[in-house]
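The values are calculated or read from the model by the stated rules, or taken from the named source; none is laboratory data. Only a predicted model underlies this, so the values are computations on that prediction, with no experimental measurement involved. Every residue, glycine as well, gets a Cβ built from its backbone with ideal geometry; the counts of neighbours run over all protein chains shown. These accessible areas exclude ligands, DNA and RNA; they are computed on the full protein's heavy atoms, side chains included. Shrake-Rupley method; radii C 1.70, N 1.55, O 1.52, S 1.80 Å.
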Amino acid sequence: MGDSYIILKTTALKNGSLRHDIHYWIGKDTSQDESGTAAILTVELDAALGGRAVQYREIQGNETDKFLSYFRPCIMPQPGGVASGFKHVEVNEQEHETRLYVPFARSSLNHDDIFILDTKSKIFQFNGSNSSIQERAKALEVVQYIKDTFHEGKCEVAAVEDGRLMADAEAGEFWGFFGGFAPLPRRAPVEDNEKYEETVFKLLCFNQGKLEPINYESLLHELLKTNKTTSLQERKSASEAAEKLLSDDNRTKTHVIKVIEGFETVMFKSKFKEWPQTPDLKLSSEDGRGKVAALLKRQGLNVKGLMKAAPAKEEPQAYIDCTGSLQVWRINDKDKILLPSADQSKFYTGDCYIFQYMYPGDDKEECLIGSWFGKKSIEEDRVTAISLASKMVESAKFQAVQTRLYEGKEPIQFFVIFQSFQVFKGGLSSGYKKFIAENGIDDDTYLEDGLALFRIQGSGPENMQAIQVDAAASSLNSSYSYILHDGNTVFTWTGNLTTSLDQEVVERQLDIIKPNSQSRSQKEGSETDQFWSLLGGKSEYPSQKIGRANESDPHLFSCILPKGNLKIKEIYHFTQDDLMTEDVFILDCHSDIFVWVGQQVDVKVRLQALDIGEKFVKLDFLMENLSSETPIFVIMEGSEPTFFTRFFTWDSAKSLMHGNSYQRKLSIVKGGGSPALDKPKRRTPAYSGRSTVQDKSQRSRSMSFSPERVRVRGRSPAFTALAANFESANSRNLSTPPPVVKKLYPKSATPDSSSAPSKSSATASLTGSFDRPKSVKDGSELEKPKQEEDAKEGINTMTSRVESLTINEDVKENEPEDDEGLPVYPYDRLITTAADPVTEIDVTRRETYLSSAEFKDKFGMTKEAFSKLPKWKQNRMKIALQLF
């Protein structure tokens, strides 16, 4: 507390550059001279790193969220000082000091906050009656830290609820440290936040050693002088002037953030009325590493490994299994029409579509339901597509991932699911036809015997597309291959910048677009007159590949919706534990937006999840020029796909725990809860009997050409015979030859190292005890493929899901368990909707805490008889009694 510190945080970004954040922290007992020196040294450190760092002034007790994120779960400043001459506080290792971490007095407590009382044998967490569940859960992370750090993980933990009097033994023990219970005073109600006065911004220019105010009507970017080069001395002087400004105004808690042109923070740019879109400047990673290494080496620190080159940029991965079952519907007249398998990859730019993809996850069946909007589709069809897709997700108990996609902005997952994909001009829906008729627009819907030009793109057989473009020379591009046809006249055109793989993809697309026609090959620069004639003559065309939004470093935001307005807060250096089951979070990686919805979120808010994503895109919080057509994925807790979890170090057991976030963490912090939690749970195998996904040995891709089709191009008879062997009436009809059955993502994805959580060994071992059976997404809750329409009907959806969860479990596991020593609680405190729920139990075995008499009264049988029932029947009874 008597010292100042400088903290350098260097982050390697996905674009290959390094970002430096420098914080200087000022303890509350630091001298003014020392705090001023810290500010100057921070400027010098920035200069040594190339002058590109963002600098933050941190005051003890009022630190920025970014600074605190480096020291999770908390910082605990110690009394005294090192260099300032303050006397060190000697700690007697034999005696544990009882601490409240604020002044130890009853007057420090209130109803709004959470307090931790650390005693020799027990840690108490006092929860103010006005504190939220999320705040209580976060405070438990601090309790866990104190338990591990100061008690070697071997002390009791007690939660004390504000308002519980001496009748509660632990509450009585807590209040005993304050001389007994006495009611805490109530604070005066705070005025509505909507009534605050608008903050007045002042802009001051530091010029020749003086601060000069700049008058303005509107805070515009043009007010900043961008043609001025500042010296190191000027930067130091400006830093001193900022310190003096705060000192003169007695602003002891104000943050000071120093930014340089081209590296401004979002917070700084957002203060201006408009901020021009400028290309991001970046300090090369090699230059940055060299400066950091040299700086640390002078301090005598080991810099081995720091100079490693940044990894080469890789092609985007889909992180989704490509062997699943696909269904596609086209929107027509406020309804959806199921497409036959031969047509499910053929979309029209004037139409909207819904697709459902069911595929095997690591240990359960996953489902992705999406809507696709053609560039020229009408608004009415788009609304219908979203509405019908949302109903499908709702009927699946929100266990399916939902996505909204626009033509031309599809993510890699979409293309891998379809493998071969075509987009034709025009549309087939009645709404589209009516729209063009009413507006006098020519109907240019694709005709097989007409004139058409297709751009061919993709990375290979498992990811290839044919996009119909205007039949004009200006539509060509040297980086792509094309198919041009007019009736039975067919040309292929290959640009000079294409590869042999691109040419192979053209051949495969010809199997779909013009399967029975002879084609003539055209190379860029040696085209025939007939080719140019069909395109209306020669003209200029581009050579650069069409760019797509690159994935950037991920940012996580928590969301609140006061009065329908979206308010967000960024969570720095996030981990899985930041995803609270009561809240909605948004993960923004620029190329995609993920909306994560906790299990405890209100159903009304769940239904608004897609709208929340749309509002976030429109808000563009990071000022990254987000496209309004950016793909949005809505993900429910417990159903997270690999292409989402790869951004975290993920433990699937955590998302399968029951209860709110506070109850979950309290069970872990207390030492694993009841003895039942220490007993490993058997993973339930997926029940394949009702799955829409075939066994992996049976899965294959079929081709969209017939085995009897005459081959006129580049395919050997052996290849055709091989293709025929893979034809199946029930298999997916795609143009891709059957690939080797594989997953397109590694079994264990490497997470972003910047978001990897540090977890104590105690927490790790306790979390492992929550290894719960994985749920299986029952196909009966979703749209069924045709071959399963005759499956069993009339089974209650929730019950059938539970049956599928447990039906394959070995009955021998259901032998009676030893419940000796378990406490007994009344039924009304054990049910899932209890007003006063019990928190110290294994929530998967609520029924075991009933007394024998009450158990028999509720279940109509003894505990021993119940334990001999199959698991699915046990779960059905527990659901009926609100104990599941």
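Give the residue that is farthest from T862 (Cα to Cα), with candidates limited to residues of region 835-847 that are open to solvent by less than 20 Å² (accessible area, probe 1.4 Å) and over 31 Å from the mean Cα position of the chain (by Cα).
My answer is V838.
Checking E366 against (1) charged (D, E, K, R); (2) crowded, with 21+ Cβ neighbours inside 10 Å; (3) at pLDDT below 95; (4) over 20 Å from I593 (Cβ atoms), which single condition isn't satisfied?
Among (1) charged (D, E, K, R); (2) crowded, with 21+ Cβ neighbours inside 10 Å; (3) at pLDDT below 95; (4) over 20 Å from I593 (Cβ atoms), the lone unmet condition for E366 is (4).
Can you tell me which residue within region 560-614, out of those that are assigned to a loop (DSSP other than H, G, I, E, B) and on the phi > 0 side of the Ramachandran plot, is nearest to the chain's Cα centre (by Cα)?
Ranking the qualifying residues of region 560-614, first place goes to H590.
Going through T252, T226, T199 one at a time, which residue ends up being among the hydroxyl-bearing types (S, T, Y), modelled with pLDDT under 85 and either in a helix (DSSP H, G or I) or farther than 20 Å from T265 by Cβ (or both)?
T252
Can Q344 be described as open to solvent by less than 10 Å² (accessible area, probe 1.4 Å) and either basic (K, R) or in contact (Cβ under 8 Å) with a residue 40 or more places away in the chain (or both)?
So Q344 passes the test.
Does Q503 meet the test of being open to solvent by 30 Å² or more (accessible area, probe 1.4 Å) and under 39 Å from the mean Cα position of the chain (by Cα)? Write out each step before concluding.
Details: open to solvent by 30 Å² or more (accessible area, probe 1.4 Å): yes; under 39 Å from the mean Cα position of the chain (by Cα): yes.
Judged against the criteria, Q503 is a match.
Can you pull out the residues in region 627-636 that are of a type outside the set (V, I, T) and buried (at least 19 other Cβ atoms within 10 Å of the Cβ)? It would help to see each step written out before you state the result.
As a first pass, look at region 627-636 and keep what is of a type outside the set (V, I, T): 627-629, 631, 633, 636.
Listed by number, the residues that qualify are P631, F633, M636.
Check whether at least one residue in region 410-431 is assigned by the TED database to the domain that holds E366, aliphatic (A, V, I, L, M) and over 34 Å from the mean Cα position of the chain (by Cα), and report yes or no.
Checked against the condition, which is being assigned by the TED database to the domain that holds E366, aliphatic (A, V, I, L, M) and over 34 Å from the mean Cα position of the chain (by Cα), region 410-431 yields at least one hit.
Of the residues in region 15-33, how many are closer than 17 Å to D3 by Cβ and surrounded by fewer than 17 Cβ atoms within 10 Å (Cβ to Cβ)?
Qualifying residue count for the region: 4.
Look through E629, E570, E582 and report the one residue that is outside the structural domain of A12 (by the TED database), charged (D, E, K, R) and modelled with pLDDT of 95 or more.
Of the residues listed, the single one that is outside the structural domain of A12 (by the TED database), charged (D, E, K, R) and modelled with pLDDT of 95 or more is E629.
Only residues that are surrounded by 14 or more Cβ atoms within 10 Å (Cβ to Cβ) and either in contact with a helix residue (DSSP H, G or I) (Cβ under 7 Å, 6 or more places away or on another chain) or in a helix (DSSP H, G or I) (or both): list them for region 848-867, please. Break it down stepwise before answering.
From region 848-867, those surrounded by 14 or more Cβ atoms within 10 Å (Cβ to Cβ) are 848-850, 854-856, 858-859, 861, 863, 866-867; that's our starting set.
Within region 848-867, T848, Y849, L850, E854, F855, K856, K858, F859, K863, F866, S867 meet the criteria.
Consider F531 carefully, then state whether it is under 35 Å from the mean Cα position of the chain (by Cα), aromatic (F, W, Y) and either assigned to a strand (DSSP E or B) or modelled with pLDDT of 95 or more (or both).
It is false that F531 is under 35 Å from the mean Cα position of the chain (by Cα), aromatic (F, W, Y) and either assigned to a strand (DSSP E or B) or modelled with pLDDT of 95 or more (or both).
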